[in-house]
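Data block below; observations after.
The values are calculated or read from the model by the stated rules, or taken from the named source; none is laboratory data. Values in this document were obtained by computation on a predicted structure and should not be read as measured data. Cβ atoms come from the backbone with ideal geometry, glycine included; neighbour counts cover every protein chain shown. Remember, those area values only see protein heavy atoms, side chains included, never the ligands or the DNA or RNA. Shrake-Rupley method; radii C 1.70, N 1.55, O 1.52, S 1.80 Å.
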Amino acid sequence: QDWFRKRFNAAVFENELKWYATEPAPGKEDYALADQLLQFVQSSDAVARGHNIFWEDPKYTPWWVKNLTSADQLRAAVAGRIESLLSRYKGDFVHWDVSNEMLHFDFYESRLGRNATTDFFRTAKRADPLATLFLNDFNVVEVCDDLSSSADSYVSRLRQLADAGVTFEGIGLEAHFGKPNIPYVRAVLDKLGTLRLPIWLTEVDISNALDPKTQAAYLEEVLREGFAHPSVDGIMLWTAMDASAACYQMCLTDGNFTNLPAGDVVDRLLGEWQTREVLGATNDRGSFNFSAFLGEYKLSVTYLNSSAEGTFSLARSDDTKHITIRLQP
């Protein structure tokens with residue numbers, strides 16, 4: 001927990017909110033693990049992404065949901081899922097991945113019709129109006145030979161849903177990489193950026209088929225490209241480690257929380273991409289200029305025996321931000 005708090009301001013739960021985890025049998029809901037994780041994240045002054053409401057891949061659909069024999073039974077089950085999940089956590093998660101991997105799979109739409117996802121989004125928006133709602137999928141930025149999830153396929157699907165009345169708010173790109181093709185990543189981000197929606201790299205990792213140093217080098221390429229792109233609002237690392245300290249794909253530390261090469265990259269970039277402190281004196285007109293990364297800041301000004309304090313926020317903008325603070329005589 002200390003290791004997390006020193007580094008991160010956002011988190012995503014790997015499995016604990018997925019339907020098969022929260023309702024392993026019909027009517028037998030269990031949110032204990034998700035509640036504990038959420039309490040920890042909130043106590044750390046971090047925000048949490050909600051992952052996910054529905055997963056279109058039948059392999060990860062609860063067994064009892066797959067066994068429902070009628071569309072009416074399935075419709076009732078999905079309505080109960082949204083109501084239970086979002087009423088419990090209303091206002092707790094800044095994002096929800098409403099439909100996960102729908103470019104590749106269609107479990108719900110094949111059974112409930114093409115309007116199923118539209119209904120999911122509408123219901124989720126009514127249940128938690130403040131949450132930003134996402135689609136989320138893989139192989140959009142990772143590879144260029146998966147026709148199901150090309151940038152054009154993603155845009156087409158978004159437009160189909162928009163035409164059906166869905167108000168889209170976020171684009172999730174899983175970003176599970178082998179060897180990243182950075183010019184391709186940039187081209188995809190450029191194309192999706194024309195939609196003027198926030199883009200998040202939601203599950204970034206590098207294949208463990210590569211040695212740790214190569215993993216780290218490729219991770220740095222991906223993180224720098226994502227951080228630099230004006231359409232990318234956030235990056236989540238998919239660095240799961242189980243209770244026995246075994247690493248699923250890419251981990252930042254070993255079981256003793258000693259950095260692996262990927263962890264060194266992350267720590268170095270976190271230091272590089274934060275403005276810790278800016279000190280200086282004004283010119284003779286009382287003006288002081290500085291550059292800083294986006295975020296929240298405290299401001300202190302002192303002159304002779306007078307001083308003043310304030311706060312300000314640097315948000316994305318093409319304009320210089322002007323802050324005026326007056327010293328009382």
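Numbers below:
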{"item": "Condition broken by Ser148, with the remaining ones in (1) closer than 30 Å to Glu221 by Cα; (2) hydroxyl-bearing (Ser, Thr, Tyr); (3) open to solvent by 30 Å² or more (accessible area, probe 1.4 Å); (4) within 21 Å of the chain's Cα centre (by Cα) satisfied", "result": "(4)"}
{"item": "Lone unmet requirement of (1) open to solvent by 30 Å² or more (accessible area, probe 1.4 Å); (2) outside any helix (DSSP H, G or I) for Lys191", "result": "(2)"}
{"item": "Residue check, Leu270 in contact (Cβ under 8 Å) with a residue 60 or more places away in the chain and surrounded by 11 or more Cβ atoms within 10 Å (Cβ to Cβ)", "result": "yes"}
{"item": "Any hit, the stretch 251-265, residues being assigned by the TED database to the domain that holds Asp211, hydrophobic (A, V, I, L, M, F, W, C) and at positive phi", "result": "yes"}
{"item": "Number of positions in the stretch 246-288 that are in contact with a Ser or Thr (Cβ under 9 Å, 6 or more places away or on another chain), more than 30 Å from Thr320 (Cα to Cα) and part of a loop (DSSP other than H, G, I, E, B)", "result": "7"}
{"item": "Every residue from the stretch 154-182 that is crowded, with 17+ Cβ neighbours inside 10 Å and part of a helix (DSSP H, G or I)", "result": "Tyr154, Arg157, Leu158, Leu161"}
{"item": "Filter result (open to solvent by 50 Å² or more (accessible area, probe 1.4 Å) and under 21 Å from Leu68 (Cβ atoms)) within the stretch 99-145", "result": "Phe105, Asp106, Ser110, Arg111, Arg114, Asn115, Asp119"}
{"item": "In the stretch 200-231, the residues that are surrounded by fewer than 16 Cβ atoms within 10 Å (Cβ to Cβ), among the hydroxyl-bearing types (Ser, Thr, Tyr) and in contact with a Gly (Cβ under 8 Å, 6 or more places away or on another chain)", "result": "Ser207"}
{"item": "Set Ala245, Ala308, Ala228, Ala292: member being within 20 Å of Ala11 (Cβ to Cβ) and not aromatic (Phe, Trp, Tyr)", "result": "Ala245"}
{"item": "Meets criteria (under 26 Å from Ile199 (Cα atoms), touching a helix residue (DSSP H, G or I) at 6+ places or on another chain (Cβ under 9 Å), at pLDDT 95 or above and assigned to a helix (DSSP H, G or I)) for Leu86", "result": "yes"}
{"item": "Cross-chain or 6+ apart pairs with Cβ under 7 Å, the stretch 200-212 first and assigned by the TED database to the domain that holds Glu101, then polar (S, T, N, Q) and open to solvent by less than 10 Å² (accessible area, probe 1.4 Å)", "result": "Thr202/Asn136"}
{"item": "Residue within the stretch 214-234 that is under 20 Å from Trp55 (Cα atoms) and of a type outside the set (Val, Ile, Thr) present", "result": "no"}
{"item": "Filtered residue count, the stretch 1-20, keeping only those that are of a type in the set (A, V, I, L, M) and under 18 Å from Leu68 (Cα atoms)", "result": "0"}
{"item": "Test: Arg114 is of a type in the set (Lys, Arg), in the same structural domain as Ser231 (by the TED database), more than 22 Å from Leu237 (Cα to Cα) and part of a loop (DSSP other than H, G, I, E, B)", "result": "yes"}
